[in-house]
Amino acid sequence: MYTTSVPIANRKSVPLDQLFRALADPTRLRLINLMSEQEICVCYFIDVIGAPQPKISRHLAYLRRAGMVAARREGKWMHYRLTMPQDRHAASILKSAIEALRQDRAMQRDCERLNRACCGPKSLVQVLGAPLPSHVAATSGPAAQSRAPASG
């Protein structure tokens, strides 16, 4: 079941047509699936999805403009996490999409690849010194968005 671990977006409401366009791309769905429970460094997306960095960055920027993703920089690393839209209808749509993605076998394989990329013998942590993905803390409002995620 979907948890409340995704921060609530604290900016203006996004039109539903923009939300649906953001959900209408397979690469963006894969990114959303991977961020559904944790904040992730962009290097993991590249490794798991197998797409070039410019393509991943372009899709992440699209999701940011749609109000679904937030980013933060830590040194040379960019971290991305989902943010739940303020509009209850948009939030419901995103939650339903995440639930459907969790049931999809291809999306489950992406999660398995992420776990191997993080914790395998030749993991990005060991090879590149990449930071481990962080679980997003449970939130109850916009103030939680400014909180740094816990390491995990």
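Pairing each residue of segment 41-64 that is closer than 25 Å to Gln18 by Cβ and touching a residue at least 12 places away in the same chain (Cβ under 8 Å) with any residue that is part of a helix (DSSP H, G or I) and of a type in the set (Asp, Glu), provided the two are 6+ apart or on different chains, yields C-beta distances under 9 Å for Ile49/Asp110.
Within segment 25-37, being touching a residue at least 60 places away in the same chain (Cβ under 8 Å) and crowded, with 21+ Cβ neighbours inside 10 Å holds for Leu29, Arg30, Ile32, Asn33, Leu34, Ser36.
For segment 1-27, taking the residues that are in a helix (DSSP H, G or I) and of a type in the set (S, T, N, Q), the one that is modelled with the lowest pLDDT is identified as Gln18.
Residue under question is Arg81, and the condition is that it be outside any loop (DSSP other than H, G, I, E, B), charged (D, E, K, R) and either buried (at least 16 other Cβ atoms within 10 Å of the Cβ) or within 12 Å of the chain's Cα centre (by Cα) (or both); does it hold?
The answer is yes for Arg81.
Which one of these is out of contact with any strand residue (DSSP E or B) (no Cβ under 8 Å at 6 or more places or on another chain), at pLDDT 95 or above, surrounded by fewer than 16 Cβ atoms within 10 Å (Cβ to Cβ) and aliphatic (A, V, I, L, M): Ala100, Ala138? Step by step, each of Ala100, Ala138 is checked, and only Ala100 is out of contact with any strand residue (DSSP E or B) (no Cβ under 8 Å at 6 or more places or on another chain), at pLDDT 95 or above, surrounded by fewer than 16 Cβ atoms within 10 Å (Cβ to Cβ) and aliphatic (A, V, I, L, M).
The values are calculated or read from the model by the stated rules, or taken from the named source; none is laboratory data. Fair warning: this is a prediction, and the values are worked out from it, not measured in the lab. Every residue, glycine as well, gets a Cβ built from its backbone with ideal geometry; the counts of neighbours run over all protein chains shown.
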